[in-house]
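Heads up, the thing below is written out as structure tokens.
The values are calculated or read from the model by the stated rules, or taken from the named source; none is laboratory data. Note that this is a predicted model, so its numbers are computed, not measured. When we count neighbours, we look across all protein chains shown, and the Cβ atoms used for this are built from the backbone with ideal geometry, even at glycine.
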């Protein structure tokens with residue numbers, strides 16, 4: 001992924017601060033330019049009904065947003081960051097983001113996973129998911145309402161990155177990206193979850209566990225991880241679980257990971273990827289940032 005430009009859509013709410021920090025962390029690592037992007041939603045039906053009155057109001061909102069973004073970006077430029085801002089009026093957040101992605105061609109979009117508490121006007125889940133399905137580049141998402149410890153990302157990268165792997169080409173791209181993002185003294189945790197769903201009606205003690213039946217399987221999986229890492233140090237983790245996403249979150253907590261990196265399928269298949277329960281849970285429910293790599 002060539003990341004020289006990062007698009008940061010923001011609604012300028014207090015909840016956007018955590019998303020902003022993530023965008024700047026990626027920018028410092030890549031030496032990238034960041035475009036702070038805000039869309040004043042026009043609500044086209046109301047605009048036609050109320051005409052000049054609503055148009056004047058939207059104009060004032062646009063000016064207010066520009067003043068705020070000018071203050072934010074000026075401070076960052078004084079710190080040596082390459083940042084700029086853009087404010088426009090648009091009928092929908094999704095359309096504005098995707099159109100700007102096409103015209104500006106960023107290598108990465110950093111946005112809120114949803115905003116049911118922090119950003120109700122913009123990100124109600126569906127916007128982020130639509131962007132993930134249609135964006136031609138990688139997308140990093142973070143829950144602005146999640147109160148967790150501050151991530152330890154710095155100028156040289158992320159301290160600990162969790163990469164869930166199923167040994168597909170998608171996982172390979174995710175791993176390659178994680179190698180670029182990890183700090184010099186950081187670590188990569190490779191995590192493979194063997195899905196073993198519990199059959200309905202069986203007590204947990206009655207359910208057959210694959211690792212008990214095939215005790216050498218975890219070691220074989222770790223050997224395959226070693227081949228993928230090509231001799232580079234890493235932390236291999238193999239678990240067996242009914243809830244794959246839940247197991248990934250537990251591992252992220254146990255390892256104090258700062259970032260989860262997952263690989264997306266090709267653009268034509270990405271909508272199918274997002275309908276899968278595991279992918280949806282990772283993007284929607286992760287307590288830490290998630291980078292979905294194309």
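Just one of the listed residues (293, 278, 238) is at pLDDT below 85 and closer than 14 Å to residue 165 by Cβ, and it is 278.
Taken as a whole, the structure places residue 53 among residues that are modelled with pLDDT under 85 and surrounded by fewer than 20 Cβ atoms within 10 Å (Cβ to Cβ).
Rundown of residues vs (1) outside the structural domain of residue 72 (by TED's automatic domain parsing); (2) free of Cβ contacts under 8 Å to residues at least 40 places away in the same chain; (3) in contact with a helix residue (DSSP H, G or I) (Cβ under 9 Å, 6 or more places away or on another chain); (4) surrounded by fewer than 24 Cβ atoms within 10 Å (Cβ to Cβ), yes/no style:
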| residue | (1), (2), (3), (4) |
| --- | --- |
| 12 | no, no, yes, yes |
| 15 | no, no, no, yes |
| 19 | no, no, no, no |
| 25 | no, no, no, yes |
| 29 | no, no, yes, yes |
| 32 | no, no, yes, yes |
| 35 | no, no, yes, yes |
| 39 | no, no, yes, no |
| 42 | no, no, yes, yes |
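Residues in region 214-244 that are part of a helix (DSSP H, G or I) and within 16 Å of residue 189 (Cβ to Cβ): 218, 221, 222, 224, 225, 226, 228, 229, 244.
Checked against (1) at pLDDT 95 or above; (2) under 16 Å from residue 165 (Cα atoms), residue 224 meets all criteria but (1). Does residue 162 fit the bill of being under 17 Å from the mean Cα position of the chain (by Cα), modelled with pLDDT of 90 or more and surrounded by 15 or more Cβ atoms within 10 Å (Cβ to Cβ)? The answer is yes for residue 162.
Can you tell me which residue in region 241-261 is surrounded by the fewest Cβ atoms within 10 Å (Cβ to Cβ), limited to those that are at pLDDT below 90 and out of contact with any helix residue (DSSP H, G or I) (no Cβ under 7 Å at 6 or more places or on another chain)? Only one residue tops the list, namely 242.
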